[in-house]
């Protein structure tokens, strides 16, 4: 569906992308993450055939972005972080214009209504874009990107400006689009929301791809680490030093009677951990394995990439 091979891109005096290669399967949602200046927006613009790479190739639905940019525009839709709207047009007029510009001449009214209702802006159909709030303008921009039902959707910070309910609805919409057969790449700093719908993750840093993985399979940079929630019958902080003394354990946090630890060991070794806790007279009530969150995975990768720096993401 999507293939990027040895992609490099330069701005005057700065290499924004350096030898990036990856492929993306159809009907997936890939989270594109990394610190500011990592090259996320540049990568999306190259994939949308809005910038030509210095080196390498990109194929979107098997169309080369340099040789066939118009074909890429037909099959792919891109929402930039700093988008523009025609302020004098109403919501309906804006959506109709985008439908026509993508060749949707017939059945336009139904396409417009469907997109507007999916983004909960149908009630504003006769309101000029200039009169819309920041969040409503964002929802209108998203509606425009899905208007022509593209095969591939590229979104740069789509949740920016949305209130909590609208962000929740956006997550549901993206999952719905995936179920309908669309392939999505979403760049965002809100890792908790990306986690709600992403199937894969690409991590960029300083123009290089650090990691590309399926979130359902990835267990973090240290494959044998699991996160455990240890409940006790007493205040967990009293036993913090004892927990730290266990070789395979890294204490992450304590709150009331709960300690969160990283355990470096396989699942069958957790029984030995329980035995060790009891031997150290730690009043354990229960131990539960917790799912590793995308933020934890990302921060672990960032720590490995820059061990002397703290991530700001």
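The values are calculated or read from the model by the stated rules, or taken from the named source; none is laboratory data. On a predicted model such as this, the values are computed, not experimentally measured, just so you know. Using ideal geometry, Cβ is built from the backbone for each residue, glycine included, and neighbour counts are taken over all protein chains shown.
Quick one: how many residues across segment 32-52 are under 20 Å from residue 203 (Cβ atoms) and in a loop (DSSP other than H, G, I, E, B)? Walk me through how you get there before you give the answer.
Within segment 32-52, the subset under 20 Å from residue 203 (Cβ atoms) is 32-47.
Of the ones still in play, those that are also in a loop (DSSP other than H, G, I, E, B) are 34-39.
The total comes to 6.
Contact map, segment 227-251: first residue free of Cβ contacts under 8 Å to residues at least 12 places away in the same chain, second residue assigned to a strand (DSSP E or B), Cβ cut-off under 6 Å, separation 6 or more or different chains; pairs are 244/251; 251/261. The residues on offer are 99, 49, and the sole one that is at positive phi and in contact with a helix residue (DSSP H, G or I) (Cβ under 6 Å, 6 or more places away or on another chain) is 49.
Any residue in segment 43-54 that is crowded, with 18+ Cβ neighbours inside 10 Å, closer than 26 Å to residue 147 by Cβ, in the same structural domain as residue 176 (by TED's automatic domain parsing) and without any contact (Cβ under 8 Å) to a residue 24 or more places away in the chain? For segment 43-54, residues crowded, with 18+ Cβ neighbours inside 10 Å, closer than 26 Å to residue 147 by Cβ, in the same structural domain as residue 176 (by TED's automatic domain parsing) and without any contact (Cβ under 8 Å) to a residue 24 or more places away in the chain: absent. The combined condition, being crowded, with 20+ Cβ neighbours inside 10 Å, touching a residue at least 24 places away in the same chain (Cβ under 8 Å) and touching a strand residue (DSSP E or B) at 6+ places or on another chain (Cβ under 9 Å), is not fulfilled by residue 121.
In this structure, residue 153 does not satisfy being out of contact with any strand residue (DSSP E or B) (no Cβ under 6 Å at 6 or more places or on another chain) and modelled with pLDDT of 95 or more.
Of all the residues in segment 98-108, those that are surrounded by 12 or more Cβ atoms within 10 Å (Cβ to Cβ) and more than 29 Å from the chain's Cα centre (by Cα) number 3. Remark: pairs (first residue in segment 284-297, at pLDDT 80 or above; second residue loosely packed, with under 13 Cβ neighbours inside 10 Å; Cβ separation under 7 Å; 6+ apart in sequence or on different chains) = 284/278; 285/233.
Tell me whether segment 102-114 contains one or more residues that are under 20 Å from residue 24 (Cβ atoms) and either touching a residue at least 12 places away in the same chain (Cβ under 8 Å) or not assigned by TED's automatic domain parsing to the domain that holds residue 29 (or both). So that I can check it myself, show each step before the final result.
As a first pass, look at segment 102-114 and keep what is under 20 Å from residue 24 (Cβ atoms): none.
No, every residue in segment 102-114 fails to be under 20 Å from residue 24 (Cβ atoms) and either touching a residue at least 12 places away in the same chain (Cβ under 8 Å) or not assigned by TED's automatic domain parsing to the domain that holds residue 29 (or both).
Picking from residues in segment 261-286 that are under 12 Å from residue 247 (Cβ atoms) and touching a helix residue (DSSP H, G or I) at 6+ places or on another chain (Cβ under 8 Å), the one that is surrounded by the fewest Cβ atoms within 10 Å (Cβ to Cβ) is 265. Exactly one residue out of 204, 162 is modelled with pLDDT under 95, surrounded by 18 or more Cβ atoms within 10 Å (Cβ to Cβ) and not in a helix (DSSP H, G or I): that is 162. List the number of the failed condition for residue 7; all other conditions in (1) touching a residue at least 60 places away in the same chain (Cβ under 8 Å); (2) crowded, with 17+ Cβ neighbours inside 10 Å; (3) assigned to a strand (DSSP E or B) hold. The one condition residue 7 does not meet is (1).
Only residues that are in contact (Cβ under 8 Å) with a residue 24 or more places away in the chain, buried (at least 20 other Cβ atoms within 10 Å of the Cβ) and over 18 Å from residue 99 (Cα atoms) were counted in segment 133-158, giving 3.
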